[in-house]
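Some notes on the structure that comes next.
The values are calculated or read from the model by the stated rules, or taken from the named source; none is laboratory data. If you're wondering where the values come from, they're calculated on a predicted model, not measured in any experiment. We place every Cβ from the backbone using ideal geometry, glycine too, and count neighbours over all the protein chains shown.
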Amino acid sequence: MSRSGAMAIAATDIAYVYGVVRKANSSFTAGMRMLPRAPRNALYAVYAFCREVDDIADEPGELEYKRQELSTWRVRIKGICVGNADGPLARRLVTAIAVYGLKRENFIAIIDGMEMDAELCVRIADDAHLSLYCDRVACAVGRLCARIFGMEEYAGDMLAKSLGEALQLTNILRDLHEDAEQNRLYLPADLLAANGIVHTGDALAVLRNSALPAVCESIAERAQVRYDEARVLIAATERRQVLPAVLMLESYGRVLARLRRGGWRDLETRISLSRPEKFWLFLRHGVFAG
């Protein structure tokens, strides 16, 4: 293939993964756009992969079908990691893996996390189970991103652990009602029991228990500790190097603060930032970042 032909395919592939990113309308998108072209395109590919497997877990469908689709992705990732590409997303992942040394184990962990989400009845037993879940669906993504940011591996993994867990715990607290409607309950059973809440098969009944705010506040405190850890780690690196992480921290940190101020009284109203708030954060922590 000629050089011009290869460049045309690459441009088309990049446009494809960017389309996935843009459609998702994530808080992560603004930070990605501010990175230099090569890491930006690599992040697009990783994000598009995450969307692909997340959609398998979340969209309606038979459990066995979802498991098969995720199993197919495990096989695909093994091939992609040795340079085999079967489409635009796969080709962009092959490039990202080759350039940044992304580890297959993190892609597999993300798929494993999506398989946990795909279950017909999602329950978390204890703190160790919650940590495992957060590691798979969030921290593993962070480890991939940290490599793309160019962080040293140990520091990058530490940031991925702290920020990934903080973001996922915030997601759990924000989406309690939405998840419960799908028979998903990510609050650990042992923590519920310690607060006198019987862990029944009815997730919505758990949310109606008067002791729930104490459980939520306990999880919120844990998330805040992780945000504080992430701030310290970010302060020790080049801020512009990790702009997407900074914007996610600032955005989700505000969501957590708003949830805590609400006292866990209205779980049906989903907390989110307004467009002006997001734009202000983009200016404050992106455009004018020091």
Is it fair to say Leu191 is over 24 Å from Asp58 (Cα atoms), among the hydrophobic types (A, V, I, L, M, F, W, C) and more than 21 Å from the chain's Cα centre (by Cα)?
yes
Checking Pro36 against (1) surrounded by fewer than 17 Cβ atoms within 10 Å (Cβ to Cβ); (2) closer than 20 Å to Leu247 by Cβ; (3) at pLDDT 95 or above; (4) not basic (Lys, Arg), only one condition comes out false. Which one?
(3)
Examine the stretch 148-155 for a residue that is farther than 26 Å from Ala45 by Cβ and acidic (Asp, Glu), and state whether such a residue exists.
no
Exactly one of Asp117, Asp86 is outside any helix (DSSP H, G or I) and either charged (D, E, K, R) or buried (at least 23 other Cβ atoms within 10 Å of the Cβ) (or both), and that residue is Asp86
Out of everything in the stretch 56-87 that is in contact (Cβ under 8 Å) with a residue 40 or more places away in the chain and hydrophobic (A, V, I, L, M, F, W, C), what residue ends up being farthest from Glu178 (Cα to Cα)?
Leu70
Considering each of Glu250, Glu268, Glu277 in turn, give the residue that is acidic (Asp, Glu) and part of a loop (DSSP other than H, G, I, E, B).
Glu268
Go over the candidates Ala214, Ala220, Ala245 one by one and state the one that is more than 17 Å from Ala155 (Cβ to Cβ), assigned to a helix (DSSP H, G or I) and touching a residue at least 40 places away in the same chain (Cβ under 8 Å).
Ala220
State the number of residues belonging to the stretch 183-209 that are assigned to a loop (DSSP other than H, G, I, E, B) and touching a residue at least 60 places away in the same chain (Cβ under 8 Å).
6
